[in-house]
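A short write-up of the structure that comes next.
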Ligand code: NI
């Protein structure tokens with residue numbers, strides 16, 4: 001009998017960013033993004049939830065080795081983003097506005113590259129305890 005199970009792994013990172021659209025004027029950026037447009041950046045404590053869905057292996061009883069999932073998250077997200085300035089230090093955001101929507105998309109793509117095709121992947125990113133986004137590739 002097949003069993004589809006969702007496994008979750010959480011992670012945390014701190015990062016600075018500035019939301020700004022280069023094609024807009026300073027006034028437009030300030031009016032639209034408010035404090036998030038602060039020219040000297042500001043920080044967030046990001047919380048990440050990674051959800052992997054798939055069939056449980058009948059022999060091992062595992063869906064995915066969580067130790068391996070942790071390594072993927074550490075290498076792709078924590079080492080790349082933690083204590084970084086997303087705009088200046090992370091190449092993916094050199095021309096992509098580091099909104100939560102775009103950060104979760106970048107994280108999803110990085111983790112998707114590390115996972116076998118048989119898994120479904122969904123990533124949720126909390127920018128604050130009350131503001132969060134989710135992307136599952138669709
Ligand atoms: Ni912000």
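The values are calculated or read from the model by the stated rules, or taken from the named source; none is laboratory data. Keep in mind it's a predicted model, so treat the numbers as computed, not measured. Here Cβ is always computed from backbone atoms with ideal geometry, including for glycine, and neighbour counts include all displayed protein chains.
Numbers below:
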| read-out | value |
| --- | --- |
| Conditions (1) more than 14 Å from the chain's Cα centre (by Cα); (2) near the ligand (Cβ under 10 Å from one of its atoms); (3) modelled with pLDDT of 95 or more; (4) over 18 Å from residue 95 (Cβ atoms); number of the one not met by residue 31 | (2) |
| Any hit, the range 62-69, residues being touching a residue at least 24 places away in the same chain (Cβ under 8 Å) and in a helix (DSSP H, G or I) | yes |
| Enumeration of residues in the range 1-28 that are farther than 30 Å from residue 115 by Cβ and either touching a residue at least 12 places away in the same chain (Cβ under 8 Å) or within 16 Å of the ligand (Cβ to nearest atom) (or both) | 18, 20, 21 |
| Positions within the range 111-130 being crowded, with 17+ Cβ neighbours inside 10 Å and more than 15 Å from residue 53 (Cα to Cα), in sequence order | 125, 126, 127 |
| For residue 49: the one exception among (1) more than 16 Å from the chain's Cα centre (by Cα); (2) away from the ligand (no atom under 16 Å from the Cβ); (3) closer than 26 Å to residue 130 by Cα; (4) surrounded by 14 or more Cβ atoms within 10 Å (Cβ to Cβ) | (1) |
| Every residue from the range 92-138 that is touching a helix residue (DSSP H, G or I) at 6+ places or on another chain (Cβ under 9 Å), assigned to a helix (DSSP H, G or I) and away from the ligand (no atom under 14 Å from the Cβ) | 92, 106, 107, 109, 110, 111, 113, 114 |
| Filter result for the condition that a residue is part of a strand (DSSP E or B) and either within 30 Å of residue 118 (Cα to Cα) or touching a residue at least 40 places away in the same chain (Cβ under 8 Å) (or both), over 43, 54 | 54 |
| Candidate set from the range 34-46 (those that are more than 10 Å from the ligand (Cβ to nearest atom) and more than 16 Å from the chain's Cα centre (by Cα)); member that is surrounded by the fewest Cβ atoms within 10 Å (Cβ to Cβ) | 40 |
